[in-house]
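K.L.:
One structure coming up, written as structure tokens, with questions to follow.
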Amino acid sequence: MIYMGKRLIVQRRGKGGSVFKSPRWKHIAKAKYRKLTNVFYKKTIVGYVVDLLHEPGRTCPIMKVKFEDNVTCYLPAPEGIAIGQKILYGAEVPPNLGNILALKNIPDGSRICNVELAPGDGGKIARASGTYAIVLTHTNNKVLIQLPSKRTKEIDGRARAMIGIISAGGRIEKPLLKAGKAYHISKSKSWKYPTVRGKAMSPYAHPAGGGSHPKGLTPAPRNAPPGAKVGHIAPKRTGRRKGK
């Protein structure tokens with residue numbers, strides 16, 4: 001009798017299922033800017049923070065902003081924002097907390113968040129709790145910013161950004177303390193919990209299972225499908241480097 005091995009986690013994840021499905025029905029709304037029009041570059045629209053909301057799976061609270069033209073949008077809340085606070089959106093806006101400007105109008109050294117990679121995408125960079133980007137310099141129609149990873153990136157000056165730092169920056173300072181909290185976080189974020197190391201498994205369950213391998217693992221080819229590309233991936237190069 002031949003016993004079949006256990007399906008690996010990467011195989012199960014690729015196939016999908018309720019364990020790996022994102023609980024989108026718990027989400028309030030997409031946290032992104034309102035639809036971009038030419039009005040943004042010509043006039044200023046006033047909005048007010050109507051409410052601050054908690055969304056499961058998101059690392060920071062989101063704020064509900066209602067503008068004077070009856071457009072409502074949800075955005076990641078910057079640190080220090082309050083219900084009832086005025087938010088200015090558009091051209092000729094001062095770089096104050098919560099205001100939304102084009103990158104070309106934000107002075108050097110400003111801390112910004114929810115930055116667009118391209119004008120109109122709704123915000124892609126610096127959206128997690130405690131993160132922010134820094135405006136470094138302006139060149140022609142481009143703006144150089146420092147990302148939360150400390151790397152720099154040049155972005156179109158017409159892209160939108162919000163002044164401030166995303167709230168809940170002290171989230172990682174509080175330990176989970178028990179496995180139950182990690183379990184509930186995994187449920188809200190569609191994580192697979194707990195995650196077991198392949199080395200700790202039995203040989204039938206994972207290529208790295210069963211203890212030590214005197215000759216090492218058999219490398220998986222780089223063109224292997226997702227279910228088979230596990231364990232020790234084929235090296236990018238072999239042999240000594242030239243000149244060493």
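K.L.:
Restricting attention to region 1-26, report how many residues are at pLDDT 80 or above, within 11 Å of Lys192 (Cβ to Cβ) and aliphatic (A, V, I, L, M).
P.N.:
2
K.L.:
Could you check His138 against (1) without any contact (Cβ under 8 Å) to a residue 24 or more places away in the chain; (2) in a strand (DSSP E or B) and say which number it fails?
P.N.:
Of everything listed in (1) without any contact (Cβ under 8 Å) to a residue 24 or more places away in the chain; (2) in a strand (DSSP E or B), His138 misses just condition (1).
K.L.:
Next up: Residue under question is Ala168, and the condition is that it be outside any strand (DSSP E or B) and under 30 Å from Pro107 (Cα atoms); does it hold?
P.N.:
Criteria met by Ala168.
K.L.:
Of the conditions (1) under 25 Å from Leu52 (Cβ atoms); (2) basic (Lys, Arg); (3) without any contact (Cβ under 8 Å) to a residue 24 or more places away in the chain, Arg111 clears all except one; give me its number.
P.N.:
(3) is the only condition that Arg111 fails.
K.L.:
Can you tell me which residue among Gly211, Gly198, Gly231 is within 17 Å of Gly5 (Cα to Cα) and surrounded by fewer than 10 Cβ atoms within 10 Å (Cβ to Cβ)?
P.N.:
Working: Gly198 fails: surrounded by fewer than 10 Cβ atoms within 10 Å (Cβ to Cβ); Gly231 fails: surrounded by fewer than 10 Cβ atoms within 10 Å (Cβ to Cβ).
Only one candidate passes the filter, namely Gly211.
K.L.:
Could you tell me whether Tyr204 is among the hydroxyl-bearing types (Ser, Thr, Tyr) and touching a helix residue (DSSP H, G or I) at 6+ places or on another chain (Cβ under 7 Å)? Please lay out each step first, then the result.
P.N.:
Details: among the hydroxyl-bearing types (Ser, Thr, Tyr): yes; touching a helix residue (DSSP H, G or I) at 6+ places or on another chain (Cβ under 7 Å): no.
When the stated conditions are applied, Tyr204 does not pass them.
K.L.:
Within region 160-179, which residues are among the β-branched types (Val, Ile, Thr) and surrounded by fewer than 16 Cβ atoms within 10 Å (Cβ to Cβ)?
P.N.:
At the first step, the residues of region 160-179 found to be among the β-branched types (Val, Ile, Thr) are 163, 165-166, 172.
Result: Ile172, single match.
K.L.:
Does region 162-179 contain at least one residue that is modelled with pLDDT of 95 or more, acidic (Asp, Glu) and over 30 Å from Ser18 (Cβ atoms)?
P.N.:
Taking every residue of region 162-179 in turn, none turns out to be modelled with pLDDT of 95 or more, acidic (Asp, Glu) and over 30 Å from Ser18 (Cβ atoms).
K.L.:
Please determine, by comparing only the residues of region 193-237 that are at pLDDT 80 or above and hydroxyl-bearing (Ser, Thr, Tyr), which one is nearest to Ala182 (Cα to Cα).
P.N.:
Ranking the qualifying residues of region 193-237, first place goes to Tyr193.
K.L.:
Evaluate region 164-171: report whether one residue or more is in contact with a Leu (Cβ under 7 Å, 6 or more places away or on another chain) and of a type in the set (Val, Ile, Thr).
P.N.:
Taking region 164-171 and keeping what is in contact with a Leu (Cβ under 7 Å, 6 or more places away or on another chain), we get 164.
When the remaining residues are screened for being of a type in the set (Val, Ile, Thr), the result is none.
No, region 164-171 contains no residue that is in contact with a Leu (Cβ under 7 Å, 6 or more places away or on another chain) and of a type in the set (Val, Ile, Thr).
K.L.:
Something else now. Condition (residue is in contact with a Cys (Cβ under 7 Å, 6 or more places away or on another chain), of a type in the set (Ser, Thr, Tyr) and closer than 21 Å to Asn96 by Cα) applied to region 32-44: is it met by at least one residue?
P.N.:
Yes, region 32-44 contains at least one residue that is in contact with a Cys (Cβ under 7 Å, 6 or more places away or on another chain), of a type in the set (Ser, Thr, Tyr) and closer than 21 Å to Asn96 by Cα.
The values are calculated or read from the model by the stated rules, or taken from the named source; none is laboratory data. Note that the structure is a prediction, hence the values are computed from the model and not measured. Cβ: placed from backbone, ideal geometry, glycine included. Neighbour counts: every protein chain shown.
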